[in-house]
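Accompanying notes for the structure given below.
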Amino acid sequence: MDYAKTASQVIRYVGGKENIKSVAHCATRLRLQLRNNDLRDEEAISDLEGVKGVFLTQSQFQIIFGSGTVNLVCQEVQKQLGNLEAGPQEAEEKQEKGNVIQRFVKMLSDIFVPIIPAIVAGGLLMGLNNLLTSPMFHGQSLIELYPQWAGLASAINTFANAPFTFLPVLIGFSATSKFGGNAFLGAAMGMIMVHPDLLNAYSIGIADPPVWNIFGFEIAAIGYQGTVLPVLAVSWILASIEKRLHRVTPSWLDNLTTPLCSILVTSFLTFIFVGPVLREAGNLLAAGITWLYNTLGPVGGAIFGFTYAPITMTGMHHSFIAIETQLLADSARTGGSFIFSTASMNNVAQGAAVLAVLLLTKNEKMKSICSASGVSALLGITEPAMFGVTLKLKYPFYAAMAGSAAGSAYLAGTRTLAQALGAAGLPGYISMKPSDYGNFTIGLILSMGVSFALTVFFWKRFGLGAQEEVEKRSGEPAQSAALAANAAPEAAEVPAAPASGEGKTEAETETAGADLAADTGEKAPQAPTILCVPVKGEVLPVERSADEMFASKMLGDGVAINPADGLVCAPCSGVVSLVFPTRHAVGVTSDTGVEILIHIGINTVSLEGQGFEAFVAQGDRVECGDKLICADLNLIREKGLSPQTMMILPEGNGLDVTVFSSEQAEIGDKAMEVRRKDA
């Protein structure tokens, strides 16, 4: 590879020297701060020799070369640029103050991507139930016309409601894992929040909740069915408590007391403080929206429409039930409910944005998600559309918010109000007065048109198809964490090697296989390379990494580990091929020729080596279990960084990898089996 030529091409394709503010690199990526990101030519850069992918995160343009190559390319780039602000220690993404919302949206997307299948299935079933039960023909529903279908509708309604009623269980599992805790404890916490002994969240305001009297203190026993924000907060608290207890609890007590104390403390915090505070926040939000609508007219309608999707995303829209019930009960005075009208505009706007993505995307998996969730949103169920498509891609979510604002402003200006509850979306006509059908239709057209048009504009303006091209060039699109989670148990059940191979080294086993092949005339089966767990902790497929670069597998397949301590050891016998200057990354080439990169923490290159101690140097011979690096996990966390450690295989598509997930793995446990595809 001609590094000077590659560096020159990189400079040219990012807009020239004058467009580069700074250049740096970490263990695998060249990182460029550009003055104008629109001048970069991602397609041309992706075609350069050695480039595995490109990515724009916040204001930093990243080019993935892989370990051992990126430092040489960076040196050439810096040499050709001359005097330019540079610093390898600033390489990891700097989190700008203005990107809090962007990071929050990304976090939600990472949490919800694994549970998309359940939400999509529930949404489609709910849409089917709405078709069966909503009045259509002369004011009658299908089940009223055909009573024999009533049992079918009832069954479908039960199936459809389950994923949404027990949404905290799904979110608790995914979010707690994202925050570095035990996913199964997160699921258990979600179950506690929707326990049938609690007052159903949908019944707040129409029934008195039961209370627990504990030492004279009364705690309301209210459930959190269908909520999002409370369970997110609870999952973060649970993970934080669990990780703290792991650090301070003796190992012989850890497995017994840490889960118990984590659940007990988090449960009381949930029902005493976290839940009531967030529920009251929802009530205040509902009161504020009512004031906005009644006082500001179309402007208030636009504001409510614009914010309805984020409100739905948090689950606070459940607070509107009490207000909407009062509005409809007193419709002679109020005229009806503006909340239903706004919800309809929001839902069809989300559906239109998803349909636009369906037409624009070349990703077959995304197309299948769009086709299902888009129809679901138009029929009134937006969670699959939001969490599966628009929120994940961000800009379609913004387009849908704008579309919802446009339609809601028009309905507010014309005082188009619902007369009953129903399916908010295209079936919403059944809840409107016939005299308002015209205005309702115009509102739907405005919402869908603005949302669709802006999605197309954003797609072309911000190059939302670029990530698909990266995945296509990398040869293996990122799988959902849900699929990885399902695959892990299967890997754990791989049968042990036959007795004839027990007690032998890999080399002895391979030699025996070769001898057998010579006798039979068949090609000897390749002995797999066994990679052991390098650091004690929870082992996950790399798809579940909190770092989107690693999770997308653009840097290679592997595992992500939520470490219990900071000692990192060699996963196999071999030679140290790389020790990054800041000691946050180390490479090992196994005796079988497999390249391994261990990256300690996310964004930890910014620590400039602080908190990292290296026990080896490049070229050293190591045996499996030898100490490589020791990291100060407390320091990493104090700096606001994640200590999650990735062990990846930069060779990429030439390898067949089997991952062995584990909740509590020890150093030396099996982490991966690796075979070469061409062997």
Within the set of other residues whose C-beta is less than 12 Å from the C-beta of Arg544, count the net charge using Lys and Arg as +1 and Asp and Glu as -1. -3
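Efficiency by 1/(1 + (r/R0)^6): what FRET value for Gln75 and Glu638, r their Cβ-Cβ distance, R0 = 30 Å, to the nearest 0.05? If you can, show how the numbers build up before the last one.
On the way: r = 32 Å, r/R0 = 1.08.
After rounding to 0.05, the efficiency reads 0.40.
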Residue by residue through the stretch 155-172, what is 3J(HN,Hα) from phi via Karplus (6.51 cos²θ - 1.76 cosθ + 1.60, θ = phi - 60°)? Round to whole Hz and write x for glycine and proline. 5, 4, 4, 5, 4, 5, 6, 4, x, 7, 4, 9, 4, x, 5, 5, 5, x
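Could you rank the peptides 368-374, 177-183 by their average count of other C-beta atoms within 10 Å per residue, with the highest value first? It would help to have the intermediate numbers written out before the result.
On the way: 368-374: 21.7, 177-183: 23.9.
Taking the mean over residues of other Cβ atoms within 10 Å, the ranking is 177-183, 368-374.
Using a Förster distance of 30 Å, how high is the FRET efficiency between Ala281 and Ala221, based on the Cβ-Cβ distance and rounded to 0.05? Intermediate results must be reported in sequence, preceding the final value.
Numbers: r = 20 Å, r/R0 = 0.66.
Once rounded, the FRET efficiency stands at 0.90.
Can you put Thr604, Thr6, Thr133 in order of Cβ neighbours within 10 angstrom, beginning with the fewest?
Details: Thr604 28, Thr6 23, Thr133 20.
By the 10 Å Cβ count, ascending: Thr133, Thr6, Thr604.
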Net charge (Lys, Arg +1; Asp, Glu -1) of residues whose beta-carbon lies under 14 Å from that of Met647, Met647 excluded, is -4
Here, Ile430 and Ser8, labelled 7 Å along Cα→Cβ, have an inter-label distance in nm of 6.9 nm
The stretch 604-679: GluC sites (Glu not before Pro) in DSSP coil with no more than 13 other Cβ atoms inside 10 Å: Glu623, Glu666
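Taking K and R as +1 and D and E as -1, what net charge do the other residues with C-beta under 13 Å from the C-beta of Leu238 add up to? Intermediate values should be presented prior to the final figure.
On the way: positive: Lys178, Lys243, Arg244; negative: Glu242.
Cβ neighbours under 13 Å give a net charge of +2.
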Along the Cα→Cβ direction, 7 angstrom out, place labels at Glu608 and Trp212. What is the inter-label distance in nm? 4.9 nm
Potential lengthening between Leu269 and Leu296 on full extension [0.36 nm per residue; Cα-Cα distance subtracted]: 5.9 nm
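Among Lys627, Lys553, Lys536, which comes first, then next, by fewest other beta-carbon atoms within 10 Å? Could you put the intermediate results ahead of the total?
Details: Lys627 15, Lys553 26, Lys536 20.
With the fewest neighbours first, Lys627, Lys553, Lys536 line up as Lys627, Lys536, Lys553.
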If I take R0 = 22 Å and measure r between the Cβ atoms of Ser240 and Asp197 in this structure, what FRET efficiency does the formula 1/(1 + (r/R0)^6) give, to the nearest 0.05? 0.25
Projected label distance in nm at Lys21 and Ile445, using a 7 Å step from Cα toward the beta-carbon: 4.5 nm
How large is the charge dipole for the stretch 330-468, taken about the Cα centre, if only the Cβ atoms of Lys, Arg (+1) and Asp, Glu (-1) carry charge, to the nearest 20 debye? 280 debye
Using a 10 Å cut-off around each Cβ, can you sort Trp459, Trp252, Trp212, Trp149 from fewest to most neighbouring Cβ atoms? Trp252, Trp212, Trp149, Trp459
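A short reminder: the numbers here are calculations on the coordinates, not readings from a lab. Note that the structure is a prediction, hence the values are computed from the model and not measured. Neighbour counts are summed over all protein chains in view; Cβ atoms, including those assigned to glycine, are modelled from backbone coordinates with ideal geometry.
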